[in-house]
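A short worksheet on the structure shown next.
The values are calculated or read from the model by the stated rules, or taken from the named source; none is laboratory data. Remember, it's a predicted structure, so these values are computed and weren't measured experimentally. We place every Cβ from the backbone using ideal geometry, glycine too, and count neighbours over all the protein chains shown. Accessible surface areas use protein heavy atoms only, side chains included; no ligands, DNA or RNA. Shrake-Rupley method; radii C 1.70, N 1.55, O 1.52, S 1.80 Å.
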Amino acid sequence: METHDYNKTLLEAVRAKLPSDINPVWFVMDILSIGKEAAYRRLRGEVCLNLQEAVLLSKKLGISLDEITGNSDEKIQHLSMRLAEFENPDESDYRILQEYIDMLFSSRMDTFSHITISTNTFPQQIYLGYKSLLNFFLFKWIYHNKSGRGKAYHQVKIPNRMQQIFNDSLHAYRQFASTCFIFDKQIGRSLVTDLKHFASIGLIREEDKENIRKEAHLMLNYMERICIDGVYENGNKVQIYISDISFERSYYNLKIHENYLSIIEACILNGVASTNKTSYLKMEDWIDSRRRLSTLITQSGEFQRIEFFSSLRKLLDDL
């Protein structure tokens with residue numbers, strides 16, 4: 001009968017998933033609530049992990065036990081959706097968000113880390129830096145989660161702790177060694193359409209709409225500047241493409257060391273995610289197909305860049 005050392009395979013996966021600045025011994029001690037010597041014995045394979053310990057470690061690091069045991073079908077990939085509450089968050093919501101931010105920050109330790117964003121709306125990796133725009137997307141999140149019975153825009157208040165989460169997220173996204181944005185050419189249309197709609201039903205006042213419009217202009221100025229420079233302020237590489245074909249969904253693909261994360265944006269501020277390498281590679285192929293039908297406007301394609309940003313500014317001015 002064929003045998004396989006699943007314990008060894010799981011431990012190898014644990015080491016691969018851990019950021020380089022985290023000691024595996026201390027990690028195992030913390031997650032399993034065991035002593036230092038007991039952690040060493042498990043990591044050396046002298047003591048096999050029991051089922052509960054295997055589940056705790058795999059759950060913490062997003063490791064699929066199906067993949068460890070070889071029971072997964074590569075044509076059936078499992079996705080997860082963490083539904084954080086943004087209006088009235090509790091400790092579990094903050095924990096979910098902080099774990100994600102910590103993962104993003106670990107990109108600083110990998111000189112080959114990268115994130116690719118293919119999107120039909122302004123991405124949170126940029127709009128998080130603009131308070132009125134952030135409030136608008138949070139307002140939309142509340143509106144849809146309350147089945148159209150949410151607050152008016154001016155009534156939305158971001159808790160201080162949640163605002164810090166958003167600030168940290170923005171900073172963390174810019175730690176990737178390279179970032180690639182692929183924009184639907186009509187990227188600004190949904191923002192304008194939504195602003196007009198919510199203003200027409202009295203949920204956004206004219207002065208608030210004007211503040212959002214002004215901030216959107218500032219955001220476009222920033223986007224154009226990084227297009228010209230090809231880097232964020234910290235020197236990390238940025239590429240921006242514009243596509244002539246429409247996107248029905250927004251996708252993110254992240255790689256940090258041997259950690260893979262693929263996200264399909266859902267529910268505005270949330271997403272459906274997979275940490276499976278096969279899913280990552282499949283989505284990377286999908287995003288690459290979009291890139292091949294797109295024009296690079298970072299440090300090139302000057303005519304297309306000017307035309308792209310001029311059309312977005314005109315769209316905002318027509319509000």
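Assorted remarks:
- Count of residues meeting criterion [of a type outside the set (A, V, I, L, M) and more than 22 Å from the chain's Cα centre (by Cα)] in segment 236-258: 1
- Residue in segment 85-108 that is crowded, with 20+ Cβ neighbours inside 10 Å, modelled with pLDDT under 90 and outside any helix (DSSP H, G or I) present: yes
- Within segment 22-48, the set of residues being open to solvent by 70 Å² or more (accessible area, probe 1.4 Å) and either of a type in the set (D, E, K, R) or in contact with a Lys or Arg (Cβ under 9 Å, 6 or more places away or on another chain) (or both) comprises 26, 30, 36, 37, 41, 44, 46, 48.
- Long-range neighbours under 9 Å by Cβ, at least six apart or interchain, first residue aromatic (Phe, Trp, Tyr) within segment 207-227, second in a helix (DSSP H, G or I): 222/126
- When the strands (runs of 3 or more DSSP E) confined to segment 199-295 are screened for residues that are modelled with pLDDT under 95 and surrounded by fewer than 20 Cβ atoms within 10 Å (Cβ to Cβ), those reaching at least 1 such residues are found at 259-266, 270-274.
- A residue that is of a type in the set (Ser, Thr, Tyr), at positive phi and modelled with pLDDT under 90 occurs nowhere in segment 124-143.
- Of all residues in segment 20-46, those satisfying the criterion of being within 23 Å of residue 107 (Cα to Cα) and part of a helix (DSSP H, G or I) are 24, 25, 26, 27, 28, 30, 31.
- The residue that is least open to solvent (accessible area, probe 1.4 Å), among those in segment 140-170 that are within 22 Å of residue 223 (Cβ to Cβ) and in contact (Cβ under 8 Å) with a residue 60 or more places away in the chain, is 169.
- Of everything in segment 49-62 that is of a type in the set (S, T, N, Q) and more than 14 Å from residue 12 (Cα to Cα), the residue that is least open to solvent (accessible area, probe 1.4 Å) is 50.
- Restricting segment 171-198 to residues that are of a type in the set (Gly, Ala, Ser) and in a helix (DSSP H, G or I), the residue that is most open to solvent (accessible area, probe 1.4 Å): 190
- Scanning segment 168-197 for residues that are out of contact with any Lys or Arg (no Cβ under 6 Å at 6 or more places or on another chain) and of a type in the set (Gly, Ala, Ser) gives 169, 172, 177, 188, 190.
- Residue pairs whose Cβ atoms lie under 7 Å apart, separated by 6 or more positions or on different chains, with the first residue in segment 100-125 and among the hydroxyl-bearing types (Ser, Thr, Tyr) and the second open to solvent by 40 Å² or more (accessible area, probe 1.4 Å) and in a helix (DSSP H, G or I), are 121/190.
- Any chance residue 233 is closer than 17 Å to residue 284 by Cα, of a type outside the set (S, T, N, Q) and more than 17 Å from the chain's Cα centre (by Cα): no
- For the residues 79, 49, 43, 57, the requirement of being of a type outside the set (Gly, Ala, Ser), at pLDDT 85 or above and under 20 Å from residue 103 (Cβ atoms) singles out 57.
- Residue count for segment 1-17 under the criterion of being of a type outside the set (Gly, Ala, Ser), modelled with pLDDT under 80 and open to solvent by less than 80 Å² (accessible area, probe 1.4 Å): the result is 1.
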